[in-house]
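This report concerns only the one structure given below.
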Amino acid sequence: MSKRHRIKFDRKEERDLAQDEAYFYVVEDGDERRIRFHDYDEIYKRNGLYEQLFYERLQCSSPTKVAEILKRTLDAGEQSTLELRVLDLGAGNGMMGEALRAHGVSRMVGADIIEEAREAAHRDRPGAYDEYYVADFTALDAGMKAELESWSFNCLTLVAALGFADIPVEAFREAINFVQDDGWIAFNIKETFLDDSDRSGFSRFIRELIFSEYLDLHHLERYRHRLSMEGEPLFYFALVARKTADIPEDFMAARPTR
Ligand SMILES: C[S@@+](CC[C@H](N)C(=O)[O-])C[C@H]1O[C@@H](n2cnc3c(N)ncnc32)[C@H](O)[C@@H]1O
């Protein structure tokens with residue numbers, strides 16, 4: 001049974017904060033403790049807090065959305081999810097593992113950069129993952145690379161984990177390259193990252209990649225990822241693509257600047 005927490009928002013102060021700077025208070029033993037949305041270690045340590053904050057209060061729908069469009073895409077191509085050997089990067093406490101298990105997959109492997117995520121996944125969703133690695137995908141050692149390759153992944157999922165100082169493009173590229181050619185890549189991304197007016201390196205990489213020869217786009221859908229603390233909808237794109245080939249290290253260097 002997960003615990004109920006007392007959560008408070010400070011709407012006045014929060015208004016002008018970027019999505020990754022947002023914070024809330026959790027009231028514990030009479031004390032108000034300030035926690036940033038991105039202090040995942042602090043959130044995961046408290047059983048049920050992640051679900052209460054993001055999934056109940058802010059109505060996040062992303063793991064079910066990304067799992068559902070992946071399933072629909074496979075159904076359309078008469079391929080079964082039961083064939084999937086999935087790497088779920090930025091797996092956190094296992095929401096995506098659980099969502100995909102519900103559709104039935106062959107293998108489900110989680111990975112995250114912090115140990116607290118693995119511990120929370122084992123605590124909150126035992127059995128969701130066949131294996132769960134704590135690793136930094138921008139600096140994988142040879143042993144970890146060999147271990148990951150041994151799973152022969154044919155699917156990569158990343159949910160609510162790209163951008164905003166979470167998974168950098170280099171780690172994303174590395175993770176895609178663990179997926180076999182013709183394998184599936186399913187993720188979500190804030191809608192503004194696909195907007196041409198966003199000239200950040202991250203945004204440009206994502207746009208170039210989606211429409212590059214390395215991915216065949218099968219499904220792109222705009223949907224409400226969650227509510228902001230002010231109750232406004234935050235829109236994201238959920239996307240399923242098929243990988244055609246490994247993405248070279250100099251992928252961006254070889255692209256014309258637009
Ligand atoms: C918002 S949570 C999403 C968790 C889960 N996918 C879900 O949908 O509930 C983002 C997760 O990405 C992880 N993360 C951030 N940077 C990362 C990195 N460089 N490599 C792997 N995981 C990372 C965080 O630790 C956190 O667990």
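The values are calculated or read from the model by the stated rules, or taken from the named source; none is laboratory data. Every value quoted in this text rests on a predicted model; they were computed, and no experiment measured them. Ideal geometry is used to build each Cβ from the backbone, glycine not excepted, and the neighbour counts take in all protein chains shown.
Here are the numbers for this structure:
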{"quantity": "When residues of region 144-158 are limited to those that are away from the ligand (no atom under 12 Å from the Cβ) and among the polar types (S, T, N, Q), the one surrounded by the most Cβ atoms within 10 Å (Cβ to Cβ)", "calculated": "Asn154"}
{"quantity": "Which listed residue, of Asp20, Asp41, Asp75, is surrounded by fewer than 18 Cβ atoms within 10 Å (Cβ to Cβ), within 15 Å of the ligand (Cβ to nearest atom) and modelled with pLDDT of 95 or more", "calculated": "Asp41"}
{"quantity": "Residue list for region 190-202, filter: touching a residue at least 12 places away in the same chain (Cβ under 8 Å) and in contact with a Ser or Thr (Cβ under 9 Å, 6 or more places away or on another chain)", "calculated": "Phe193, Leu194"}
{"quantity": "Of all residues in region 23-38 being within 16 Å of the ligand (Cβ to nearest atom) and in contact (Cβ under 8 Å) with a residue 24 or more places away in the chain, the one that is surrounded by the fewest Cβ atoms within 10 Å (Cβ to Cβ)", "calculated": "His38"}
{"quantity": "Output for region 1-17, where each listed residue is of a type in the set (A, V, I, L, M, F, W, C) and at pLDDT 90 or above", "calculated": "Ile7"}
{"quantity": "Residue that is nearest to the ligand (Cβ to nearest atom) [pool: residues in region 123-143 that are crowded, with 16+ Cβ neighbours inside 10 Å and of a type outside the set (Gly, Ala, Ser)]", "calculated": "Phe137"}
{"quantity": "Criterion (surrounded by fewer than 16 Cβ atoms within 10 Å (Cβ to Cβ) and within 21 Å of Glu21 (Cβ to Cβ)) met by exactly one of Ala245, Ala161, Ala165", "calculated": "Ala165"}
{"quantity": "Residue that is farthest from the chain's Cα centre (by Cα), among those in region 89-103 that are within 14 Å of the ligand (Cβ to nearest atom) and farther than 11 Å from Ala128 by Cα", "calculated": "Gly92"}
{"quantity": "Residue check for Phe202: under 22 Å from Asp166 (Cα atoms), touching a Lys or Arg at 6+ places or on another chain (Cβ under 8 Å) and not hydroxyl-bearing (Ser, Thr, Tyr)", "calculated": "no"}
{"quantity": "Some residue of region 83-91 being at pLDDT 95 or above, of a type outside the set (Phe, Trp, Tyr) and under 18 Å from Leu227 (Cβ atoms)", "calculated": "no"}
